[in-house]
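Below: the structure, in structure tokens.
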Amino acid sequence: MINAILVFNNHGKPRLVRFYQHLAEEVQQQIVREVFHLVLKRDDHICNFLECGSLFGGSDYKLIYRHYATLYFVFCVDSSESELGILDLIQVFVETLDKCFENVCELDLIFHMDKVHHILQEMVIGGMVLETNMNEIVAQVEAQSKLEKAEGGLSAAPSRAVSAVKNINLPEIPRNINIGDINIKVPNLSQFM
Amino acid sequence: MSDVVERTLSVLPGLLGQHDPGAGPAGAGGHGRVSSTSRLGSLIRSITALTSKHEEEKLIQQELTSLKATVSAPTTTLRLMKECMVRLIYCEMLGYESSFGYIHAIKLAQQGNLLEKRVGYLAVSLFLHENHELLLLLVNTVVKDLQSTNLVEVCMALTVVSQIFPREMIPAVLPLIEDKLQHSKEIIRRKAVQALYKFYVIAPNQVQHIHDKFRKALCDRDAGVMAASLHIYLQMIKENSSGYKDLTGSFVTILKQVVGGKLPVDFNYHSVPAPWLQIQLLRILGLLGKDDQRTSELMYDVLDESLRRAEINHNITYAILFECVQTIYTIYPKSELLEKAAKCIGKFVLSPKINLKYLGLKALTYVIQQDPNLALQHQMTIIECLDHPDPIIKRETLELLYRITNGQNVIVIVQKMLDYLRESKEEYAIINLAGKIAELAEKYAPDNEWFIQTMNSVFSVGGDVVHPDIPNNFLRLLAEGFDDGKEDNQLRMYAVQSYLTLLEEEDALYPQKFLQVMSWVLGEYSSLVTNVDPEVILTKLHSLLKKTFVTSETKAWIMAAVTKIASHTSCSKTVDKLIQEFSNSLDTCMRQHAFELKHLYEDKALMKNLLPFDASCNDMVVDASLSFLDEFVAEGLGRGAAPYKPHHQRQEEKLSQEKALNFEPYGLSFASSVSSCGVTGRQSPTGLSFGSDMSGNSAETGHKETNTLKLEGVRKLWGKEGYLPKKENKVGKENEPQTVSCGGLLAVQVGDPPALQSDQVASLSEEDKEKQQLASTLFIGLGSNAGVSLMGKTDTATQKFKRKSKINETQNSEEATDFQDSAASDFGPLLDTIPINVEDCEGNIDTGLRKASLHSSDTVEDNLAFETPQSLRKSGLNDRLSDNTLSQSSLFADSNIEIFQPSPSAHCESASKTLLAPSLPEELEDLPHSEVVELCQSDALALYSCKVWTDDSLLLTVFVSNKTTSALNAVNLLFEEAEHFQILESPTYQFPVIEAQSVEHCQKCVWMHKICTQGVLSGSVNYQSEMESHFEFSITLSLMDFIRPMEMTTEDFGKLWLSLSNDVKQNIKMSSSEGSLSAALNTLQQKLKLHIVDVIGNEGILACQLLPSVPCLLHCRTHSGMLALWFRSPCSALPDGLLYQCQKVMEES
């Protein structure tokens, strides 16, 4: 499970803080600070994994981080996650941000904090990785921002348009997985189908 | 709702003038994207302009105040509210509390349009936590959104549910979410599965009935939904792998298809098909195949294929490879795969990429126990890693070395660890490493000097953060001693001398724990060193007492040491000075100590008696009833003092007084002052200082506790077998030089890695030579051709310190083996005096008897010890045994001794005739019990089990029947440690012999340790026939096996009910045929063993307890065909479990 996702800049200013386990506010702030100090000490060319000791109240936890230009992306995970897998998940996250913001930079993260959270929500829910397919995530996010525009445009329109807005559905997102025999088949379980 | 939106929208145009809505995400880069008037923007800009933390705080507080005013103003539109929420999120991220906004976040989620709702939900999931009271207000919104026709709303609701949801409200949304599993959109199905995963994690019992639906999700036509369901399966399999073995085939098929590229290209990441999915599946397979040959065989092919396919040189393929390797080493081994996996590990270790190297080391650490040769192959790399600049790599290398430590390389490895310990700053690393060093030092110390020096370094470097077990274990080791009294004294003397040298240094700052260890050792053993004047030691301790950095706890230790030393000096100036000095100390504790010392010092004989030399391990007889105070009490009562009331009685009185106003006049203050005086007197430093005066004893009891409680982490080195006769020790010593020389030879062999042949040797640089030398010292004694044992851990022959367990010796006498040794002498008194043991002894005689009759030629010697009792009691024996059957059940209850229950000899004979039909011994037949079921069979043995539900435990009876025609010797039954269950005595049982064609049985008392509705207790049997055979079995135990009725009065019920806090309520439909309350209660009573306390009208109260004594109360009420159940218990998981059982039995009835 992923316990926390932290993004901060080279000066330790938090840019995104998401905890998936309940911790008191002070503890969260302390974790952000200590993680920053742990990560800052490290050169860029040594390994991307770090044991964070008893920071989360157990010895099982690990920090996996990547450093991009001015930002550190740090995932705190327990032993049930694959280290290299998470490392590439960070890459996917950043690439997705890049696609959604077109050349993402630190300012995007600051001024569109809510949007960054929404993108993250499509990837990781409640500490579990839900989606790793970049196109799918971008499609979901774009569908929602289209909606945003539509609503923005409609907001000045007569009130009868309101019900139309309310019932707008997500546009069809094609996802070619159900073509012919490339479905995943689980023969032993057919009785449940 | 819609009119709220309408109103909102009508206000918007006015607002649009102020805010530029066109700040779309697709604008130009950088600042251009930020709307110039955005308030968030200006907030952030002003924060960036600040220079100090203090200014930031001021600014944010200002911002929060203005936000507070805005959000609570009634005129604030939802759109503005949304913006406020984003600003609040920002403030919270910076660590400023903004709890005033929480309720508005919920409101926004409830009332806003899609966009506002989205921000509202986001804010809620960021601000609140699972147990937050405001969260209940969200439930209604979630329910409404789940029913919405708008997909986006449903999605948002599902997202928020899978992030955060109150546990007790799950029933409200569960049916809605179950419906969503059939939704036509895969994104909805995926999120629904994710929500169910969340429910499974926080309340597994509530989703038990939908396991079928999980299976459906697993074979969903969309791969994303299937992948989401794997989270649930991984979790469930982690908890109980045996329940899902049937799915192995499905997981293998899925993995095969993924690896084979059957998924759409969409799922590829750097042209690797669905890597994260593969990783997840490999983990699941590893868990399923662990220790299970048949299941493992199913996955060999697909693992091989995965290894083969993952050849592209990308990070993510290494992730898959690493997972494959781990799985291969976890499941039942197959040599071909192991070879390939080993090659893979090589790839990792030798990789120039630092991440892969780290993982390679991790993999090596993981496999080293199975394959020590692998470490030999990579020894040079490991040496290089030891000096790696990255501390993480270094630490992992030390972890690896720790696992390969043995008697020959311990000095080098511990040295390396100490070097690292001195450098590291992180507390966690220090604690961890100090523990490991202490463990290795105890286990493999080559000599006294080294041991003491190493421990000194651990204490001085580790400081006060080291785990308290380390000093405790160390002192215990010194106190209890080893096999050899002379050795013991040498070790103690060396310790004393080294501490004296350390204390010699002026201004040296030692950690408190180290000082405590020093003072204890000096106090106990300084008299062993004859060439040092006690006066010198006393002076040193005295000067320590005056240091400011010494804490008062340490001072107590030092005072205790002074007292002990003073007890065997005739008269000492230092002691007098010390008494004088501290008699007026401001520290009351010290003053108390000083006074005690003063009084004791006046009566030397008493002092010697009180503090005998080297008696820290001797048991003390404590008069727990404090009978010596009787006179004092009587005198007190005579003078009119109030009699003593136990705590609970006082509590009750206090409660009853609190409920109403007190109209009685206050009593005389006299009585209470006396009693309070008594109390403080008892808690005063007397108690404290007595503990420390005899700190030997107090420390000792502490040790005993840790011995029984906390030994899990520490390898059991000083167990019951700790005491070994001297003869054996000598053998060990004779062996030592041999193994060393053998190792020396090896060092030469090992030191030449195959890559470096003789022609290259000349070109080796100095540095390389050094490294090679280090390698040869580090990896000495490793490898299959090493002659000594492969893993240092198992080699105990070279172990230096073998603790003699004085405590256990006495306990052991109850055990059969010891009994045989001492039978002749112990038997008589045991038979006469201790009623509980009588039966037990007879049990032993009985086995002895049977042995005698069957193996008369072999066991003559064994029987010698039994001869007298045999002849004496033979006639009476059978009578006694038949009497026993009545008392037996109560016997189990009270005795902590191993239950050793022979079947009466007559019974045994009949068993051999009616072959292999296990039946319960007579004394258990009358108790409620399950049927005897077969657990497993092999050619030679069959295993059966039967559950006997006694009043205070579940008595698990395991029958072992020997199907062969020859007797089986030394059949061992071993239960594995289970997460949920606890076996009261030792988890093993040995049948010394099982005759041909006969059945033996053993019984184990089991308690439920951690609540679950159903769990598995597994174990294994091994025995010696021609070769050592071994097979495994598992027994399923359910919660109901541990539930017993609890009898109580209605009044008690009421009291208990009010004192319990965890409650669970649920309504169950009653089947129309049995609509009455009494019928329902009867069902519960009969099937769930609940005790009906009372029935009043349409309400009934029931009580039960989970063994050993966790109560659970149930209140039932019927209304309009529904049965409302309300559980309360001090344990939060128990009501859930019982509710599930109730639902089940009510459905059945």
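Quick look at the values:
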{"read-out": "Test item: B:266-276 mean partner chain Cβ contacts at 10 Å", "value": "4"}
{"read-out": "Over 21 Å between alpha carbons, listed pairs B:513/B:604; B:540/B:598; B:555/B:604", "value": "B:513/B:604; B:555/B:604"}
{"read-out": "Gain on full stretching of the segment that runs from residue B:347 to residue B:373 - 0.36 nm per residue minus C-alpha separation", "value": "7.8 nm"}
{"read-out": "Within the stretch B:513-568, trypsin sites (Lys or Arg not before Pro) in DSSP loop having at most 11 other beta-carbon neighbours inside 10 Å", "value": "none"}
{"read-out": "37 °C / 0.692 mPa s Stokes-Einstein diffusion coefficient of the stretch A:1-136, Kirkwood radius on C-alpha pairs, µm²/s", "value": "219 µm²/s"}
{"read-out": "Additional length obtainable on full extension of the chain from residue B:603 to residue B:1119, 0.36 nm per residue less Cα span", "value": "177.9 nm"}
{"read-out": "Efficiency of FRET between residue B:1132 and residue B:1086 - r from beta-carbon atoms, R0 22 angstrom, step 0.05", "value": "0.20"}
{"read-out": "Cα-centred dipole magnitude for the stretch B:290-388, charges only on beta-carbon of K, R (+1) and D, E (-1), debye, nearest 20", "value": "240 debye"}
{"read-out": "Tensor-based shape of the stretch B:142-236 (alpha-carbon gyration tensor, a/c under 1.5 rounded, otherwise prolate or oblate)", "value": "oblate"}
{"read-out": "Loop sites in the stretch B:64-127: GluC sites (Glu not before Pro), DSSP, at most 12 other Cβ within 10 Å", "value": "B:97"}
{"read-out": "Overall Cα dimensions of the stretch B:281-359, principal axis frame, Å, largest first", "value": "38, 19, 17"}
{"read-out": "Sites residue B:211 and residue B:99, calculated FRET efficiency, Cβ-Cβ separation with R0 45 Å, nearest 0.05", "value": "0.70"}
{"read-out": "Gyration tensor (alpha-carbon) shape descriptor, the stretch B:183-318, a/c threshold 1.5", "value": "oblate"}
{"read-out": "Computed lengthening from residue B:1145 to residue B:549, 0.36 nm per intervening residue step minus Cα-Cα distance", "value": "208.0 nm"}
{"read-out": "Shielding by partners, peptide A:106-117 (average Cβ within 10 angstrom, other chains)", "value": "6"}
{"read-out": "Label-to-label distance, nm, for residues given as residue B:178 and residue A:41 (7 Å Cα→Cβ offset)", "value": "5.2 nm"}
{"read-out": "Spin-label model distance (nm) - residue B:129 vs residue B:581, 7 Å beyond Cα toward Cβ", "value": "4.9 nm"}
{"read-out": "Inter-label distance for residue B:532 and residue B:366, nm, one decimal - labels placed 7 Å from Cα along Cα-to-Cβ", "value": "5.0 nm"}
{"read-out": "Computed E for residue B:336/residue B:768 - FRET, C-beta separation, R0 41 angstrom, nearest 0.05", "value": "0.70"}
{"read-out": "Kirkwood Rh in Å, taken over all unlike Cα pairs in the stretch B:1026-1149", "value": "15.3 Å"}
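Quick note: the coordinates plus some simple rules give every number you see, no bench work behind them. Remember, predicted model here, so these are calculated numbers, not experimental data. For neighbour counting, all protein chains shown are included, and Cβ atoms are generated from backbone atoms with ideal geometry for every residue, glycine included.
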